[in-house]
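What follows draws every value from the coordinates through simple rules; no lab data is involved. Everything quoted here is computed from the prediction, not taken from an experiment. FYI the Cβ positions are ideal-geometry reconstructions off the backbone, even for glycines, and counts take in every protein chain you see.
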Amino acid sequence: WNQGGWNQGGWNQGGWHNGWAQQPLPPKPGVVPLRPLGVGEILDGSVSTMRAHWRTVLGISLAVAVITELVSALVMGLWLGDTSSELDALAETDNPSMDDVSGALTSAFSSLSVVAVVSMLGSVIATAMLTVVVSRAVLGRNVTLGEAWRDSRPQLLRLLGLLIVIPLLVSVAFLVCLLPGLLLSFGGSANLGLALLFLGFLGGLAAGAWIWVRFCLAPPALMLEKQGLLAALRRSGKLVSGSWWRILGIQLLAFLLISAISFVAALPTTVISALFTGGSTLTDTAAATGWTPLIINGIGSVIASTISLPLNAGITALLYLDQRIRREALDLELARAAGVPGYDNPTPEPPAPGS
């Protein structure tokens with residue numbers, strides 16, 4: 001401890017005066033202090049990263065948002081536009097044939113699948129690069145777009161697999177909980193089946209939430225520790241263990257905050273789009289896929305995504321670092337990596353709580 005800089009850092013200089021301990025301020029080379037973080041510090045650190053490194057952060061999120069929305073608008077305008085007309089025509093037909101219904105639904109599903117794949121790829125790239133930016137911002141170091149891309153590129157395929165596996169696990173857990181109620185409902189026991197469906201729905205929500213929180217720190221673990229997919233899942237489970245409720249609360253708060261910011265950012269363009277179309281986009285799918293509302297709403301989506309992507313990635317990355325500080329004294333390693341005076345020499349790890 002003496003070699004690690006506690007004497008130099010302020011224990012002896014700050015001193016014990018009149019029986020009261022004057023604790024030294026923790027080092028803060030970057031956007032957050034190097035100590036266990038509170039909820040407000042995690043949220044503020046994410047915003048501070050956007051302010052301090054706005055060129056890189058907004059460059060990444062804006063580029064991803066523009067490309068994603070451009071592809072989505074083209075798919076919906078050129079592909080889904082015709083399908084929307086078919087669906088509206090089917091809705092007005094008294095006895096549509098199964099072939100017409102199947103064809104329209106297949107076209108709609110295909111176009112929406114393309115949009116979902118493009119959005120997923122954009123989310124993977126943004127998450128990977130922004131996680132790298134946050135890790136450098138904690139150390140007070142700048143990172144360019146090129147450096148963020150070079151550091152994140154080797155892990156992109158693994159991160160894509162991770163962002164597919166986690167929602168898949170949540171969906172499987174939810175369906176397993178619903179399965180008994182579905183089997184009873186189709187087997188003729190409607191009342192008992194409905195009761196089990198309701199209980200299964202509640203159980204599915206609980207199981208899905210447990211899986212989501214347990215593995216929510218896997219993306220930053222994969223990116224920053226260069227781990228594989230399964231190793232990142234195990235790492236996240238280890239870090240979350242014992243702090244599940246705290247992490248759930250922070251993630252829910254972050255979700256509500258980001259959703260509110262995205263809603264406010266996209267609200268003006270939604271109102272403008274409704275004014276241009278006379279409000280028909282709310283009830284007419286063909287009108288909603290017209291070029292004017294697609295362009296106007298796309299601008300709103302780009303603005304919302306440009307803000308929400310770095311906030312979400314920053315909060316998750318800082319929550320991961322906070323858990324490692326609490327469990328593994330990562331703050332000492334970060335201080336040495338940042339070149340904080342008094343942390344130049346390796347120090348023995350402090351004893352684990354309760355040891």
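Odds and ends about this structure:
- Close amide H contacts of Gly30 (hydrogens built in the peptide plane, cut-off under 5 Å, sequence separation of 5 or more or a different chain): Gly140.
- Between Leu256 and Val165, the contour length at 0.36 nm per residue exceeds the alpha carbon distance by 30.4 nm.
- The range 139-153 and the range 189-250 have their alpha-carbon centroids 30 Å apart.
- DSSP-loop trypsin sites (Lys or Arg not before Pro) across the range 190-259, with at most 13 other Cβ within 10 angstrom: Lys226
- Put in order of Cβ neighbour count within 10 Å, fewest first, the listed residues Thr56, Thr144, Thr270 become Thr144, Thr270, Thr56.
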